[in-house]
Amino acid sequence: MNKNSENISGWKKFMKSMTKANELGTEKDIMLEHDYDGIKELDNVLPPWWLYGFYITIAISIFYYTQVFYNSEKYSQAEEYAAEVAKGKEEVEAYKAANPELFNTDNIVAFTDDENLAKGKELFTSKTCFACHLDDLGGSIGPNLTDNAWILGGDVKSIFNTLTNGGRPGKGMIAWESTITREERIQLASYIISMQGTSPANPKAPEGDIIYPAPAE
């Protein structure tokens, strides 16, 4: 017998030891007496590989149980969660410190050129802002964006902050910071500002106490 035959034979022996499979043609030796509508059952044993896996899961569960309930000071899910949150906050602050231009609103200026305003209009449509404010920005579920009454401010920085952080809690205006870029938020805010003073078909009544731009004296 060559080495390949020995290896194959050894592998077959290993597989047989791990499955305890019966040889073909010996089914009658393990056939149970009962049957269901002519369907008979073989009295096969559970394969050792399955039993070993089952025993391992029991051992792991015992270890996990003892660590969680009897050694909680060392293995605390609450502390692990708090540590991960703290680590995440540190990473966010580090990113902000390394990229101040992305988070500083002091240098934001509204676009007035046609190209950027066109992109802002496209964003207003593609991000479904019209669902709450209508195509002409006259307001529906959301407030009218063409008058000078604002809930959170109507200057470019205030609108940018609203787009970035979302509107009032529970009012449905989501934060777009993770969805559209900083430049796109400025373009969108600029488009909204460019529509102030227009005449929508069915303007919603003014909302908000912040008047911007202020009426001329």
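The table below gives the values:
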item: Quarter of Cα convex hull surface for the stretch 35-76, i.e. mean projection, nm²; result: 4.9 nm²
item: Signed unit charges on C-beta, dipole axis of the chain, positive-most listed residue Asn148, Gln196, Ile30; result: Ile30
item: All aspartates and glutamates inside 14 Å of Lys12 as judged from Cα atoms, apart from same-chain residues fewer than 8 positions distant; result: Glu23
item: Principal semi-axes in Å for the chain [√(5λ), Cα gyration tensor, largest first]; result: 70, 26, 20
item: Selection of trypsin sites (Lys or Arg not before Pro), the stretch 8-104, meeting DSSP coil and at most 14 other Cβ within 10 Å; result: Lys20, Lys74
item: Candidate aspartates and glutamates for bridging to Lys28, where Cα separation is under 14 Å - those fewer than 8 sequence places away on the same chain excluded; result: Glu41, Asp43
item: Scattering profile of the stretch 60-179 at q = 0.22 Å⁻¹ [log10 I(q)/I(0), Debye over alpha-carbon scatterers]; result: -1.36
item: Ratio of the Cα radius of gyration of the stretch 114-211 to 2.2 N^0.38 Å, where N counts its residues; result: 0.97
item: The stretch 4-69 - Rg and Dmax from Cα coordinates, angstrom; result: 18.3, 53
item: Footprinting exposure proxy for Thr105, Thr57 (fewest neighbouring C-beta atoms within 10 Å first); result: Thr57, Thr105
item: Local net charge near Lys119, Cβ-Cβ under 14 Å (Lys/Arg +1, Asp/Glu -1); result: -2
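Values quoted throughout were computed directly from the atomic coordinates according to the rules given, and no laboratory measurement underlies them. Model, not experiment: these values are computed from the prediction. Note that each Cβ is placed from the backbone with ideal geometry, even for glycine, and that neighbours are counted across all protein chains shown.
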